[in-house]
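To keep things clear, I will list the structure first and then write my remarks on it.
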Amino acid sequence: MSELVTFGESMLRLSPPGNERLERASELEVHAGGAESNVAVAASRLGVDATWLSKVPETPPGRRVVNELREYGIETEVVWSPSGRQGTYYLERAGAPRGTNVVYDRANSAFTTTETRQIDLDLVQDADVFFTSGITPALSATVRETTMNLLKAAKQGGTTTAFDVNYRRKLWSPDEAEETLTSLFPGIDVLVIAARDAREVLGIEGDPRQLAHRLGSQYSFETVVVTRGSEGAIGWHDNVVHVQDAYETDTVSEIGTGDAFTGAFIASRLDGEDVPIALEYAAATAALKRTIPGDVALVTEQEVEAVVRNSSETLSR
């Protein structure tokens, strides 16, 4: 039995080296990455027994994804598909004013055909926490139904459910997202959402403290975490709001920062920490992730604790 089970698609990320333009690149760096597997890896690095559920084509690109995730120490429970393709995305890095650009190439991937009957529900119901994100139901109507069913199964089994809205405009419109997400909310205990997504997708206005409180009250979540980018995060639990600032970091890659935050938050809560401490460890893990290339937070517990400790020592001077 795994403490944490996540469900979602992981893609192959193809990136030109440095700030090279994709259209003239002669070589590409290859990494595996997806929100749910990134969360599993981050939690695993902090001591959690984590399993990633997915459906993957039985092809060399599909095996490439699974093999890399296994190297990170998480369990991979996958449905091997004889048809469909491996989803990929291209990441073109650049500074201002061009900015970093993501190009998805994941339509009709094997994962988009994942049905509930193909998933071992015992894995979900025996876990302490089941996690998925808003990216997953955005991929197809089939996966949308499967996501709903897995959340229901988790709740029926007494498993805590955690969900990161993780809105992606390139996958669906705000109206489409709102309709689906609000239908999923009754099955969610712990919600993570960016302040901008609360406003843009759910139409909830206010500062992050107000957003967290309104979300928790309106949808009866147990815990709400509102992320604020470089300003940190707000946690709402037991009708109390907690504020966590971001830690200073020199950014090498911002990809996967939010997933690192969420994975660490879940890991800390599984370890019995209260919400303020979990927010500290989540913020520290996110800061460390920004110093690491690729999608996943290859951090250690000692590194995370050092960031938290050093910050506390600085504040006490």
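Scanning the stretch 282-306 for residues that are out of contact with any Asp or Glu (no Cβ under 7 Å at 6 or more places or on another chain) and of a type in the set (S, T, Y) turns up T285, T300. For the stretch 15-28, does any single residue satisfy the condition of being without any contact (Cβ under 8 Å) to a residue 40 or more places away in the chain and under 20 Å from the mean Cα position of the chain (by Cα)? No - not one qualifying residue is present in the stretch 15-28.
Among the residues of the stretch 126-160, the one identified as among the basic types (K, R) and more than 22 Å from M1 (Cβ to Cβ) is R144.
Out of V129, V78, V102, one residue alone is at pLDDT below 95 and under 21 Å from the mean Cα position of the chain (by Cα). It is V102. Of the helices (runs of 4 or more DSSP H) that lie entirely inside the stretch 207-317, those containing 1 or more residues that are of a type in the set (K, R), within 23 Å of H31 (Cβ to Cβ) and touching a residue at least 12 places away in the same chain (Cβ under 8 Å) span 275-289.
When T223, T249 are screened for being hydroxyl-bearing (S, T, Y) and more than 19 Å from the chain's Cα centre (by Cα), only T249 passes.
The values are calculated or read from the model by the stated rules, or taken from the named source; none is laboratory data. Treat the numbers as computed from the prediction; the structure is a model and nothing was measured. In this analysis, Cβ positions are derived from the backbone assuming ideal geometry, glycine residues included, and neighbour counts consider all displayed protein chains.
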